[in-house]
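Accompanying notes for the structure given below.
The values are calculated or read from the model by the stated rules, or taken from the named source; none is laboratory data. In this text, all values refer to a predicted model and were calculated from it rather than measured experimentally. When we count neighbours, we look across all protein chains shown, and the Cβ atoms used for this are built from the backbone with ideal geometry, even at glycine. Surface accessibility is based on the protein's heavy atoms, side chains included, excluding ligands, DNA and RNA. Shrake-Rupley method; radii C 1.70, N 1.55, O 1.52, S 1.80 Å.
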Amino acid sequence: MQVFLQTIVGGVSLGAVYALVALGFSLVYRTMGLVNFAHGNVVTVGAYLASTFYLSTRLPFALAMVVAIALTGVIGLVIERVLRPLENRDFDLMLIGTIGFGIVLDALIIMIWGATGRAVPSPVPSAPIELLGLRIRTYDLVVLAIAAVATVLLVLFLSRTKRGAAMQAVAMDHEAATAVGIHVGRSNAIAFMIGAGLAALAGGLVGPLLYVSPALGGALGIKGFAAAILGGFGSIPGAIVGGLAIGILDSFMAGHFQGYGELFTFLIFTVIIMVRPTGIFGERTVNRA
Amino acid sequence: MLRRRATAISVLTVLTAVLATGCSAPGSDSESSGDESGPIKIALVDAQSGQLSSLGAWELKGARLAIDEWNAQGGINGRQIELGVFDDQGDPTVGTNLARKIDSEGYIAMIGTAESAVTIAMAPILKQAEIPNITSGQSPGLVAVNSEFLFLNGPTSTTYDETLAKHIVDQQGIKSIAMISNNGGYGKGEHDAFLKALTSRGVTPVADQVVTTDQKDFSAVLTGIRQKNPKVIFLGAEEVESGLIVKQARDLGITATFAGAAPQGTPVFLDTAGAKNAEGTIVSSPYLSNDINDAAKKFAAAYQAKFNEEAELHGAKAYDGTQILLTALKSSNVAGGKELAEAIRATKYQGLLGDFAFDKTGVGIFVTSIGTIQNGKLVAAAS
């Protein structure tokens, strides 16, 4: 029982990070119908920026995160601006474009920060909390809290603000949205910016848990993408559930099947997707791809 | 929608395929030794990007230092030595493509890689092309490849882990040992070698857990181990992963001592784990510190002057390996192919790691020492 519960605890903290990555994927997808293949690399950029401001310029961790999120958001804007001429013309080229951006970002990361990584000390150095024989890292709780707040803010933005409602409208029918005077390009830009910001949030938060290196985003990107698909691509609650599910599933499979854990994680993922191709919270409204 | 998605996926697949094969040249026939003038071309293949890139960076520095020393003294037979650097990304597929590439570009010998799995993948191509290769890998799998062109610049896992088991079981009398290793080339080699060393002493590990090479969360594995309450936990994984395991283990309240081979003595391991968490870790290594003898001191000083950082095991190994290769090139009059391989095998060299004398398996050194991490530094253990 103890192993069971501790495994869930371990899975949940990484799951929250996967969920944030999945949110970024889903947000861009629901707005533009585009899979942003550079998303994993944007996570790495965010992780490096946050760790640089935290370690080198010695900003407090929270402030370092805010700066990193803002800067990474700008990168999202740049990606969208470059891809904008292709919008509604050639979708495949846009996909390739995001792959290209991923490669460029990867190269830039290695040029700026070098190929070797760095370890980020935990900003919450207190000892883990002991609860009924379980040990819960305080930093894990911080990660969960921040992920929850970010999700609530995102949902409020999408449902309660005019700009958010406009983005929803573009997601549903971009021609009708244009007809009623919504600027589709701006809506896409905001989606990319928020997506990149979420990526930076995920990257910055995961830094102290793992090791920041150019390869960081690759692993997180694949799991985050799987999480988004599992939850229902384009769905906000789906991304959260999918992320936590992948995290916990991964944790259990690693415990049971050891070296073949990853294989079983993705086997189960495949079976779920075969049974329910739209994912857990599959939405049918997004249909532009 | 479906059709478009399908097109996108097929474009992706093609792109990936093109990227993957892009490095290999068509028709890679070549003359290995080639012309008698111009620089002598030596290839260094290592991970310069990815999670294993710190290994690649250290290797490059060690090799560069040795080559610059020789070039400063006029090279070999009046010819300068040129080091071509290739990035294998720690990926066996990329490695095999690079093996064909260095063959077609007429490199006479290769240094690297630091990753056993990559070296094993490259070995058949290098054997066919008759390009001698001095690797920093240590998996017993390298010996099993059975190539007369493959040499190791350090001991194999068998030596590392036999020494480690001797220290832990025979000298300290600890029998309650758990093992965590990954399923990559290095981890598998470590797992088999350490398990064999334990079995031969009649010790059965209380837990024998295998993880994947890019696993990030070890709570299931570690909680299981915590319940067995071992005294020592053996780590058969690379620097970063080992560091993460140690960090998470301490967070879970595991107080056992960790033990391992080369990776557990590196600064990357220490940084990732956190110095406090790694305190007391037992390390089996052929190169414990930069001040074990005069040669090591001299090497460390030159390394510090050139790269402005402290030398460590992997740089020292690559330095030794490169020195051996250059010595063999000189003694064989810049021969290539079989003749160079024979010259390497015949080279007796007093290196930083000890006295090299290669046997027919390509292993030249058979001893390691035990150190422990004290106050964030690796120091020789009192025996």
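Just tell me which aspartates and glutamates come within less than 16 Å, Cα to Cα, of B:K231; anything on the same chain fewer than 8 places away is out.
B:D170, B:D208, B:E279
Plugging the Kirkwood radius over Cα pairs into Stokes-Einstein for the stretch B:158-285, at a temperature of 20 °C and a viscosity of 1.002 mPa s, what D comes out in µm²/s?
Values: Rh = 14.0 Å.
Answer, rounded: 153 µm²/s.
Tell me whether the stretch B:34-133 comes out rounded, prolate or oblate; compute the Cα gyration tensor, take square roots of the eigenvalues as a ≥ b ≥ c, and use a/c under 1.5 as the rounded threshold.
It comes out oblate by the Cα gyration axes.
Residue separation times 0.36 nm, minus the C-alpha to C-alpha distance between A:V104 and A:V124: what's the value?
Numbers: separation 20, 0.36 × 20 = 7.20 nm, distance 3.36 nm.
Between A:V104 and A:V124, full extension yields an extra 3.8 nm.
Using Cα-Cα distances under 8 Å and only pairs 6 or more residues apart, what relative contact order does the stretch B:258-317 have, in percent?
Numbers: 53 pairs, mean separation 19.3, N = 60.
The normalised contact order for the stretch B:258-317 reaches 32 percent.
Using modelled amide H (1.01 Å from N, peptide plane; none on Pro or chain starts), what sits under 5 Å from the amide H of B:K41, excluding residues fewer than 5 places away?
Excluding prolines and chain starts, which carry no amide H, the hits are B:E82, B:I108.
Enumerate by residue number the trypsin sites (Lys or Arg not before Pro) in the stretch B:292-383 meeting two conditions: DSSP loop (anything except H, G, I, E, B), and at most 16 other Cβ atoms within 10 Å of the site's Cβ. Kindly include the intermediate steps, with their values, before the conclusion.
Numbers: sites: B:K297, B:K298, B:K306, B:K317, B:K330, B:K338, B:R345, B:K348, B:K360, B:K377; in loops: B:K360.
Those that pass, being in a loop and sparsely packed, are B:K360.
Taking amide H positions as placed in the peptide plane 1.01 Å from N, state which residues far from B:Y349 in sequence (5 or more) or on other chains have amide H under 5 Å from it.
Amide H neighbours of B:Y349, under 5 Å, 5+ apart: B:F356.
Between B:Q350 and B:K166, what length in nm is gained on full extension when 0.36 nm per residue of separation is reduced by their alpha carbon distance?
Working: separation 184, 0.36 × 184 = 66.24 nm, distance 2.55 nm.
That works out to 63.7 nm of additional length.
Between A:V149 and A:L55, what FRET efficiency comes out of the Förster formula 1/(1 + (r/R0)^6) with R0 = 25 Å and r the beta carbon distance, rounded to 0.05?
On the way: r = 24 Å, r/R0 = 0.98.
The value I calculate is 0.55.
If the reach is capped at under 27 angstrom between alpha carbons, list the lysines near B:K127, excluding any in the same chain fewer than eight residues apart.
Result set, ordered by chain and number: B:K41, B:K61, B:K101, B:K188, B:K317, B:K330, B:K338, B:K348, B:K360.
Nearest 10 degrees is fine. How inclined is helix B:92-104 to the longest principal axis of chain B, computing both from alpha carbons?
The two axes meet at around 20 degrees.
Over what distance in Å are the Cα centres of the stretch A:88-129 and the stretch B:337-356 separated?
Distance between centres, Cα-based: 42 Å.
Have a look at the stretch A:41-168 and give its Rg and Dmax from the Cα atoms, expressed in angstrom.
Here Rg and the maximum Cα pair distance are 18.6, 58 Å.
Hey, any idea what % of the stretch B:158-285's accessible area is carbon plus sulfur with a 1.4 Å probe?
Numbers: 1960 of 3880 Å².
Percent of accessible area from carbon and sulfur atoms in the stretch B:158-285: 51.
For A:V120, which sequence-distant residues (separation of 5 or more, or a different chain) have an amide H within less than 5 Å of its own amide H, given hydrogens modelled in the peptide plane?
Correct list: A:V212.
Between the helical axis of B:294-307 and the dominant principal axis of chain B, each derived from Cα atoms, what acute angle in degrees is found, rounded to the nearest 10?
Between the helix axis and the principal axis of chain B, the angle is about 70 degrees.
How well do other chains shield peptide A:253-264, expressed as the mean number of their Cβ atoms within 10 Å of each residue Cβ? Spell out each step's value before the answer.
Working: counts 2, 11, 10, 1, 2, 12, 13, 3, 8, 6, 1, 0.
The per-residue average across the peptide is 6.
List, in order, the whole-Hz ³J(HN,Hα) value for each residue of the stretch B:123-137 obtained from phi through the Karplus relation with A = 6.51, B = -1.76, C = 1.60 and θ = phi - 60°; use x for Gly and Pro.
With coefficients 6.51, -1.76 and 1.60, one gets 3, x, 5, 5, 5, 5, 7, 6, 10, x, 9, 10, 9, 9, x Hz.
Can you order the peptides B:284-295, B:153-164, A:22-33 by their average number of other Cβ atoms within 10 Å per residue, highest first?
Going by the mean number of other Cβ atoms within 10 Å, highest first, we get A:22-33, B:153-164, B:284-295.
Nearest 10 degrees, 0 to 90: what angle lies between the long axis of helix A:39-55 and the longest principal axis of chain A (Cα atoms)?
60
With θ set to phi - 60°, apply the Karplus curve 6.51 cos²θ - 1.76 cosθ + 1.60 along the stretch B:251-265 and write out the HN-Hα couplings as whole Hz, x wherever there is a Gly or Pro.
Per residue, the Karplus-derived 3J(HN,Hα) values read 4, 7, x, 7, 10, 4, 7, 9, 9, x, 9, 3, x, 6, x Hz.
Dipole size in debye (nearest 20) for the protein assembly as shown around its Cα centre, Lys and Arg Cβ +1, Asp and Glu Cβ -1? Don't jump to the answer; show the numbers that get you there.
On the way: 48 positive and 53 negative charges, 420 e Å.
Once rounded to the nearest 20, the dipole reads 2020 debye.
Take the cross-link list B:K196/B:K228; B:K216/B:K276; B:K196/B:K276 and give me the ones stretching past 26 Å between alpha-carbons. Working shown, then result.
Numbers: B:K196/B:K228 21 Å; B:K216/B:K276 20 Å; B:K196/B:K276 31 Å.
Exceeds cut-off: B:K196/B:K276.
Please give, to one decimal in nm, the separation of the simple spin-label points placed at B:N333 and B:D291, each 7 Å out from Cα toward the Cβ.
4.7
Which shape class, rounded, prolate or oblate, goes with chain B when its Cα gyration tensor gives a ≥ b ≥ c as root eigenvalues, a/c under 1.5 marks rounded, and past that a/b bigger than b/c marks prolate?
Details: a/c = 1.92, a/b = 1.28, b/c = 1.51.
Verdict is oblate for chain B.
When a/c reaches 1.5 or more, the comparison of a/b and b/c decides; with that in mind, is the stretch A:205-256 rounded, prolate or oblate per its Cα gyration tensor?
In terms of gyration-tensor shape, oblate.
Give the separation of the Cα centroids, the stretch A:141-201 to the stretch B:211-258, in Å.
One Cα centre to the other: 40 Å.
I'd like to know how the protein assembly as shown sits against the 2.2 N^0.38 Å rule of thumb: what's its Cα Rg over that expected value? Let's see the in-between values first.
Numbers: Rg = 26.3 Å, N = 672, 2.2 N^0.38 = 26.1 Å.
Ratio of Cα Rg to 2.2 N^0.38 Å: 1.01.
Per residue of the stretch A:158-170, what does 6.51 cos²θ - 1.76 cosθ + 1.60 with θ = phi - 60° give for ³J(HN,Hα)? Whole Hz please, x for Gly and Pro, Karplus curve as stated.
For the stretch A:158-170, the Karplus-derived couplings read 5, 9, 10, 9, 5, 4, x, 4, 4, 5, 4, 4, 4 Hz, x marking Gly and Pro.
Please calculate how many Å² of accessible area the protein assembly as shown carries per residue, with a 1.4 Å probe and no DNA, RNA or ligand atoms counted. Working shown, then result.
Details: 26380 Å² over 672 residues.
I get 39 Å² per residue for the protein assembly as shown.
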